[in-house]
Amino acid sequence: MAVRPDPLHGPTAPADVLDRIRHLIVIGELAPGVRIAEAELAARLGVSRTPAREAMRRLLAEGLLVPDGGGERPRLRVAPVGPDDVRQLYEAAGALEGVVMRGLTDLPPAERRVLAKALRDRERAFRRAARRRPLDYDVLFLRHDAFHRTMMDTLAGPATRVLLETLRPRLDRYEWLYAPIIGPDFTDTYAEHAAIIRAVTAGDGPAAERAVRRNWFRGGDRLAVALSHQAAQRLRAIPA
């Protein structure tokens with residue numbers, strides 16, 4: 001997902017409208033559970049209702065919007081977030097990326113060295129972004145995303161890429177949410193990324209698979225626990 005620093009301005013092609021609305025959902029400007037009205041969304045973006053309507057259809061198919069009641073013109077709302085959902089998504093991503101990493105064993109040594117260097121570079125960029133204050137969550141998202149995309153760009157085949165892209169919209173929302181909730185201490189993520197880099201450097205496909213799965217699975221667990229705590233706090237704040 002290309003994160004735009006200013007999602008409310010720019011060209012109004014249908015694909016751009018879709019990208020802008022998706023961005024608003026990913027960063028929480030359109031919050032989980034909020035109802036989405038076609039006319040209000042079009043007015044907010046300064047576009048006609050036609051591209052807004054088409055974007056809403058696409059976002060419904062992607063799972064970022066969900067039905068909110070029936071009728072001839074069913075309403076939509078932003079899909080909720082929750083611990084069960086994040087665990088399932090992260091486990092699915094980890095399983096797919098883990099299978100891809102098995103191919104590391106067959107990667108020629110020269111290409112493996114290039115991949116290892118690229119991962120080290122991406123990790124350094126991610127850590128630099130994590131040290132900035134205040135944290136720029138858009139930049140942090142992109143730097144972390146680049147680490148995983150580098151592996152998939154090198155090793156994933158077309159079929160697996162398609163499967164990963166079907167997860168991407170919903171996964172991106174949790175990935176963007178991760179830093180504000182878990183950060184600014186990303187020590188666990190650093191350690192998991194370091195294990196991935198070691199396995200890639202050694203050309204050990206099974207170890208790389210385990211390391212990638214562990215990174216996704218544990219990340220999902222961390223975020224799920226944090227979301228559960230947030231939900232519990234909200235319940236306690238409701239007057240009896």
Dipole of the range 14-78, Cα-centred, from +1 at each Lys and Arg C-beta and -1 at each Asp and Glu C-beta, to the nearest 20 debye?
100
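How large is the charge dipole for the range 83-235, taken about the Cα centre, if only the Cβ atoms of Lys, Arg (+1) and Asp, Glu (-1) carry charge, to the nearest 20 debye? Before the final figure, lay out the partial values.
On the way: 26 positive and 21 negative charges, 98 e Å.
So the magnitude is around 460 debye.
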Once amide hydrogens are built 1.01 Å from N within the peptide plane, the residues lying 5 or more places from residue 65 or on another chain with amide H under 5 Å from its amide H are 60, 79
Taking H placed 1.01 Å from N in the peptide plane, check which residues at least 5 places from residue 75 or on another chain put their amide H under 5 Å from its amide H.
68
Springs between alpha-carbon atoms under 10 Å, Gaussian network over the chain: tell me which of 133, 35, 120 tops the mean-square fluctuations.
133
Sequence ranges 150-160, 87-97, 19-29, ranked by mean other-Cβ count within 10 angstrom, highest first
19-29, 87-97, 150-160
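Given a cut-off of under 8 Å on Cα pairs at least six residues apart, what relative contact order in percent is computed for the range 83-235?
On the way: 153 pairs, mean separation 71.4, N = 153.
It comes to 47 percent, rounded to a whole number.
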Taking Cα atoms only, helix 187-202 is inclined relative to the longest principal axis of the chain by an angle, in degrees rounded to 10, of 50
Tell me the angle of helix 83-101 to the major Cα principal axis of the chain, expressed in degrees between 0 and 90 and rounded to the nearest ten.
40
Just want the answer: with Cβ charges of +1 for Lys and Arg and -1 for Asp and Glu, which residue in 174, 233, 96 is farthest toward the dipole's positive end in the chain?
233
Expressed as a fraction of 2.2 N^0.38 Å, the rule-of-thumb size for a compact globular protein of N residues, what is the C-alpha radius of gyration of the range 83-235?
1.03
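No value in this document is a laboratory result; all are computed from the given coordinates. Please read all numbers here as calculations on a predicted model, not as lab measurements. Neighbour counts run over all protein chains shown; Cβ positions are idealised from the backbone, glycine included.
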